[in-house]
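The values are calculated or read from the model by the stated rules, or taken from the named source; none is laboratory data. Only a predicted model underlies this, so the values are computations on that prediction, with no experimental measurement involved. Cβ sites come from the backbone with ideal geometry, for glycine too, and all protein chains shown count toward neighbours. When the accessible area is computed, the model is the full protein with side chains, heavy atoms only, and any ligands, DNA or RNA have been set aside. Shrake-Rupley method; radii C 1.70, N 1.55, O 1.52, S 1.80 Å.
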Amino acid sequence: MVVFDEVRDRVFAFLDGRPVGTIERTQHQRSLALPGAGRLRLLVEDLGRVNYAGRLGESKGLIGPARTATRDLTHWAVSIVDHDAMPGLTDGAVALPADRPLAGPVLLGGDFDAEPGVDLFLDTTGFGTGLVWVNGFLLGRYWSAGPTETMYVPGPLLRPAGNRIVVWELDAAARPVATFVSAPRLGHTEA
């Protein structure tokens, strides 16, 4: 088991390259049972900043020491994921649409044609959590927790042929298919 003082905001854990679990701040989780020994790698996701009250300007990441039942974990190597480079890394990407559910993190890519100047909305139903680029432009972040089920794709961003979509799925995609719809689905809204 590995224990952290605090996780801000989500941690995806891998042991020898295999996913072994997720720790989420929203669930007040601070620990994760490990199935054995091996090389532990963590992908830490910052879910955004709070812009009010006592959490204004708070630090993100793993706060405080990490430890197992027998010792503190030290000598971490930290790497930053360069989101600006992600759209160019699709040579080894899984093609969209994939014919099966996929566990993340996985980079997905595909090409599509569109009518230039016409706004589209990417249907993220069946995706887990991650980021989307179209023609090298970062559309933003999606999350199955909602409430939105679509992402806005501005018409001026699109070409008649050869548009490139890149999806970085962090969690798991039950239905990794890029489908565009003509109107947004914003989920539950209060009247």
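Assorted remarks:
- When Tyr52, Tyr142, Tyr152 are compared by accessible surface with a 1.4 Å probe, the order from highest to lowest is Tyr52, Tyr152, Tyr142.
- Temperature 10 °C, viscosity 1.306 mPa s: under these conditions the Stokes-Einstein estimate for region 96-172, based on its Kirkwood radius over C-alpha pairs, is 125 µm² per second.
- Taking every protein chain into account, the accessible area of the chain amounts to 59 square angstrom per residue (probe 1.4 Å).
- The apolar share of the surface of the chain, taken as the fraction of accessible area on carbon and sulfur atoms (1.4 Å probe, ligands and nucleic acids excluded), comes to 53 percent.
- When all protein chains stay in place and ligands, DNA and RNA are ignored, the 1.4 Å accessible-area order of Trp143, Trp76, largest first, is Trp76, Trp143.
- On the principal axes of its alpha carbon atoms, the chain extends 60, 42, 26 Å, with the longest extent given first.
- For region 146-191, alpha-carbon Rg relative to the globular expectation (2.2 N^0.38 Å, N residues): 1.41
- Between His75 and Arg30, the modelled labels are 2.7 nm apart [label points 7 Å from Cα along Cα→Cβ].
- Bins of 10 Å, starting at 0 and running to the largest distance - Cα pair percent for region 1-111: 11, 37, 32, 18, 2, 0
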